[in-house]
Amino acid sequence: MKKQLFRLKALFKPAEFSACELLVMRLLFALVVWAVIPERIDLFEQAAPVGMAKWFGLDFTFLSNPEILTMLRGVLFAALVLYCSGRLLFVALPVMLFMTVSCGTLINSQKAATHSTQIIALCVMVQCAWHLYAAFKHHRSGMPTASRRLMEGRMAVWYTQQMIATAYIVTAITKWLAKGSWIADSRFFPLQIVKSQRMDYYNSLQPQDQASGSYGIISDILAPFALWMEKTMMSYPGWAPVFLAPGFLVELLAVLLLAGRKIGGAYAVILIIFHLTIAEMMNLRFVYHIFVLGIFFSGMAFWLARGIEAIKWPPRRNQAVE
């Protein structure tokens, strides 16, 4: 029993990412953060305040001023450069957190709140909290700078991974607590499919097969399966719980994302397929969830880092290989 507990504990621990992998992760995540912040916001009121706009009465409509938003995007760009460099992260991350939270708060305070970008704000928040703590704790630790940055970078990814897993688990628990009969009520899910499809049509005025946001070849692969599920649930609503219960369990068991590189990477792929299937059925595209799963779990950073290292340090013919 003790051996099994020891193995389990050894499984759920921070991965030993290389410095190059951490650099790739920061670069990719910086691109995602930059994409989250719009170039222009034409929202001049907070009709239904949420978050800090509700709790503290803060007014974020100043972001609708093009000059202010342009200036703040410039500050954000400088912060993202620092973030990618891995230096002064305790300065860069608060700027990134302010921009993601303030823009998200204003956009969601319009009586039509969405949660597609919240995962990005949560990832920035946990990294910000960690690096502020690390800057205070390790400032006079005497640890060599390179070793300290590597350790702090690995822990930042570890806490980010925990935040992502927690977001999925909380989503599943919330479904269960808010609607205790969620599985039983899932027979009404086909109505939600029709509702989502028609909302998407009236937003774009394009037929479903011509709507923007397709995933290309991935959609071509998943579309037949999603269409079969959709038609089956439409014709036989009793099958809806059978199809939807696995999705609920996939979210609930997201702790497996933290079970090492291989298991976590495989589980991230399952979650990505889950999101892509939902996108094909309901036109609900949680692209930022897919991005963070790909960046922090899928092994993409590992292979990109291997490519960078191969280009930067090619082996010489007359150099002995250790």
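Which of the residues belonging to the range 47-60 are open to solvent by less than 30 Å² (accessible area, probe 1.4 Å) and of a type in the set (A, V, I, L, M)? Can you show your working first?
Step one: list which residues in the range 47-60 are open to solvent by less than 30 Å² (accessible area, probe 1.4 Å), which gives 51, 53, 60.
Passing the criteria: only 53.
Of all residues in the range 137-165, which are modelled with pLDDT of 95 or more and among the polar types (S, T, N, Q)?
160, 161, 162
Going residue by residue through the range 246-264, is there one that turns out to be open to solvent by 40 Å² or more (accessible area, probe 1.4 Å), assigned to a loop (DSSP other than H, G, I, E, B) and either modelled with pLDDT under 85 or among the β-branched types (Val, Ile, Thr) (or both)? Talk me through it step by step, then tell me what you get.
To start, the set of residues in the range 246-264 that are open to solvent by 40 Å² or more (accessible area, probe 1.4 Å) comprises 246, 249, 252-253, 255-256, 261-263.
Those still in the list that are assigned to a loop (DSSP other than H, G, I, E, B) too: 253.
Okay, now just the ones that are also either modelled with pLDDT under 85 or among the β-branched types (Val, Ile, Thr) (or both), so none.
No: the range 246-264 contains no residue that is open to solvent by 40 Å² or more (accessible area, probe 1.4 Å), assigned to a loop (DSSP other than H, G, I, E, B) and either modelled with pLDDT under 85 or among the β-branched types (Val, Ile, Thr) (or both).
Residues 63, 132: which one is under 20 Å from residue 33 (Cα atoms), at pLDDT below 95 and open to solvent by 60 Å² or more (accessible area, probe 1.4 Å)? I'd like the intermediate steps shown before the answer.
Details: 63 fails: open to solvent by 60 Å² or more (accessible area, probe 1.4 Å).
Just a single option satisfies the conditions, and that option is 132.
Look at residue 280 and say whether it is buried (at least 21 other Cβ atoms within 10 Å of the Cβ) and either modelled with pLDDT under 85 or more than 20 Å from residue 167 (Cβ to Cβ) (or both).
On the way: buried (at least 21 other Cβ atoms within 10 Å of the Cβ): yes; either modelled with pLDDT under 85 or more than 20 Å from residue 167 (Cβ to Cβ) (or both): yes.
When the stated conditions are applied, residue 280 passes them.
Does residue 121 satisfy being in contact (Cβ under 8 Å) with a residue 12 or more places away in the chain, exposed (fewer than 15 other Cβ atoms within 10 Å of the Cβ) and in contact with a helix residue (DSSP H, G or I) (Cβ under 9 Å, 6 or more places away or on another chain)? Walk me through how you get there before you give the answer.
Details: in contact (Cβ under 8 Å) with a residue 12 or more places away in the chain: yes; exposed (fewer than 15 other Cβ atoms within 10 Å of the Cβ): no; in contact with a helix residue (DSSP H, G or I) (Cβ under 9 Å, 6 or more places away or on another chain): yes.
Answer is no for this residue.
Would you confirm, using the coordinates I've provided, whether residue 87 is basic (Lys, Arg) and farther than 25 Å from residue 25 by Cβ? Talk me through it step by step, then tell me what you get.
On the way: basic (Lys, Arg): yes; farther than 25 Å from residue 25 by Cβ: no.
So residue 87 does not fit the description; no.
Mind counting the residues in the range 26-40 that are outside any helix (DSSP H, G or I) and either in contact with a Phe, Trp or Tyr (Cβ under 8 Å, 6 or more places away or on another chain) or within 21 Å of residue 125 (Cβ to Cβ) (or both)? Talk me through it step by step, then tell me what you get.
Here is the first cut: in the range 26-40, the residues outside any helix (DSSP H, G or I) are 37-40.
When the remaining residues are screened for being either in contact with a Phe, Trp or Tyr (Cβ under 8 Å, 6 or more places away or on another chain) or within 21 Å of residue 125 (Cβ to Cβ) (or both), the result is 37-38.
Total meeting the criteria: 2.
The values are calculated or read from the model by the stated rules, or taken from the named source; none is laboratory data. Being a predicted model, the structure only gives us computed values, none of them experimental. Every residue, glycine among them, receives a Cβ derived from its backbone with ideal geometry; neighbour counts consider all protein chains shown. Each accessible area value is taken on the protein alone, full model and side chains, heavy atoms only, with ligands, DNA and RNA left out. Shrake-Rupley method; radii C 1.70, N 1.55, O 1.52, S 1.80 Å.
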